[in-house]
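Asker: Before I ask anything, let me first share the structure, which is written out below as structure tokens.
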Amino acid sequence: GESVGLHLPTLSVQEGDNSIINCAYSNSASDYFIWYKQESGKGPQFIIDIRSNMDKRQGQRVTVLLNKTVKHLSLQIAATQPGDSAVYFCAAPGGASNTGKLIFGQGTTLQVKP
Amino acid sequence: GAVVSQHPSWVICKSGTSVKIECRSLDFQATTMFWYRQFPKQSLMLMATSNEGSKATYEQGVEKDKFLINHASLTLSTLTVTSAHPEDSSFYICSARDEGGLKTGELFFGEGSRLTVL
């Protein structure tokens, strides 16, 4: 099955700087990945996703990069703001990609210093 | 947009009692919902898949007799923690898939329910 891991438990950045959060996965058959943001005491909030037939996808201030060769994906946040402070999880399907079942990585806590 | 609501958001109970947590999809139908458990400073761990009109599918290591799941309608799944103990204290989160959405990622999470067992 799939396992998902993050490289750093905590990332501290200065407000206005760019943030990069990394994630590794094990199952080369996984065909899509999702990044979630979780604020304290709340449920996960969808940020962006990417299919395995892409290597980059951009949203508003966020970019996800997928490197299938090394089974690695990253989330880049441009001009990080205090409101970006949260725990970020990458997730991958736990089974067939359209079931909705997800396996989550360990999470990276992003701390934004004013 | 689609919303998933959980109730209660916070519950405290005595050891040995049972607690029911509801997960509702407010503006869409969901034949499948998912229940996760999250301990402090840890990741979300899938507990079970709730299937409307049929039995839930539990992940390995999750006791089905302790965590009863009922999905009696297309908009409601309930998780009952039976004979709760302090080690069951956790943040329980549900997600639901909008069956009208074909794209991956069309999952919506509830806000979570924090259970504290004294």
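Asker: Can you pull the semi-axes for the protein assembly as shown, root of five times each eigenvalue of the Cα gyration tensor, sorted largest first, whole Å? Working shown, then result.
Answerer: Numbers: eigenvalues 177, 84, 51 Å².
Three semi-axes, in Å: 30, 20, 16.
Asker: Which are the unpartnered cysteines of chain B, meaning those with no other cysteine Cβ under 4.7 Å from their Cβ?
Answerer: Unpaired cysteines in chain B: B:C13.
Asker: If you don't mind, another one. Can you sort B:M47, A:M54 so the residue with the fewest Cβ neighbours within 10 Å comes first?
Answerer: A:M54, B:M47
Asker: Once each part is reduced to its C-alpha centroid, what is the distance from region A:73-114 to region B:39-87 in angstrom?
Answerer: First find each Cα centre; the distance between them is then 24 Å.
Asker: Ok, one more. Any idea what log10 I(q)/I(0) is at q = 0.14, 0.15, 0.20, 0.22 Å⁻¹ for chain A, Debye with uniform C-alpha scatterers and no solvent?
Answerer: These q points yield log10 I(q)/I(0) values of -0.51, -0.59, -1.04, -1.24.
Asker: Measuring from the lowest to the highest alpha carbon on each principal axis, how far does chain B reach, largest first, in angstroms?
Answerer: Answer, in whole Å and largest first: 42, 28, 23 Å.
Asker: I've got another one for you. Which of A:T63, A:T80, A:T99 ends up with the largest GNM mean-square fluctuation for chain A, with Cα atoms connected below 10 Å?
Answerer: Of the options given, A:T99 has the highest mean-square fluctuation.
Asker: A further question on this structure: Could you pull out the pairs from A:K56/A:K101; A:K68/B:K55; A:K42/B:K64; A:K101/B:K41; A:K56/B:K55 whose alpha carbons sit more than 29 Å apart here? Provide the component values of the computation, followed by the final result.
Answerer: Working: A:K56/A:K101 23 Å; A:K68/B:K55 36 Å; A:K42/B:K64 26 Å; A:K101/B:K41 21 Å; A:K56/B:K55 39 Å.
Flagged as over cut-off: A:K68/B:K55; A:K56/B:K55.
Asker: Right, something else. Averaged across the residues of B:36-47, what count of C-beta atoms belonging to other chains lies within 10 Å of each residue's C-beta?
Answerer: Counting Cβ atoms of other protein chains within 10 Å of each residue's Cβ and averaging gives 4.
Asker: For chain B, with a Gaussian network of springs between Cα atoms less than 10 Å apart, report the residue from B:C94, B:C13, B:C23 with the top mean-square fluctuation.
Answerer: In this elastic network of chain B, the residue with the biggest mean-square fluctuation among B:C94, B:C13, B:C23 is B:C13.
Asker: Additional query: Would you mind computing the Rg to Rh ratio of region A:45-92 from its alpha-carbon coordinates, Kirkwood style for Rh? Before the final figure, lay out each step's value.
Answerer: Values: Rg = 11.2 Å, Rh = 11.6 Å.
Dividing the radius of gyration by the Kirkwood radius yields 0.97.
Asker: In whole percent, what relative contact order does region B:1-42 give with Cα contacts below 8 Å and a gap of six or more residues? Walk me through the numbers before you get to the answer.
Answerer: Numbers: 26 pairs, mean separation 18.8, N = 42.
It comes to 45 percent, rounded to a whole number.
Asker: In whole percent, what relative contact order does chain A give with Cα contacts below 8 Å and a gap of six or more residues?
Answerer: Working: 292 pairs, mean separation 42.5, N = 114.
RCO, chain A: 37 percent.
Asker: Let me ask you something else. Out of A:S28, A:A78, A:I47, whose Cα points farthest toward the positive end of the dipole of region A:3-114 (charges: +1 Lys, Arg; -1 Asp, Glu; placed on Cβ)?
Answerer: About the Cα centre, the residue reaching furthest to the positive side is A:S28.
Asker: Please give the net charge around A:I47, taking every other residue with its beta carbon less than 13 angstrom from that of A:I47, where Lys and Arg add +1 and Asp and Glu add -1.
Answerer: Working: positive: A:K37, A:R57, A:R61; negative: A:E39, A:D49, A:D84.
Neighbour charge sum, excluding A:I47 itself: 0.
Asker: Over region B:4-91, what relative contact order in percent results from Cα pairs under 8 Å that are six or more residues apart? Could you put the intermediate results ahead of the total?
Answerer: Working: 168 pairs, mean separation 29.5, N = 88.
Computed over region B:4-91, the figure is 33 percent.
Asker: So, one more: What are the ³J(HN,Hα) couplings of region B:54-62, residue after residue, when phi is run through the Karplus curve with 6.51, -1.76, 1.60 and θ = phi - 60°? Round to Hz, x for glycine and proline.
Answerer: Using θ = phi - 60°, the values come out as 8, 6, 6, 10, 9, 6, 4, x, 9 Hz.
Coordinate-derived values only; no laboratory data. Please read all numbers here as calculations on a predicted model, not as lab measurements. Because the Cβ atoms are built from the backbone with ideal geometry, glycine has one as well, and the counts that use them run over all protein chains shown.
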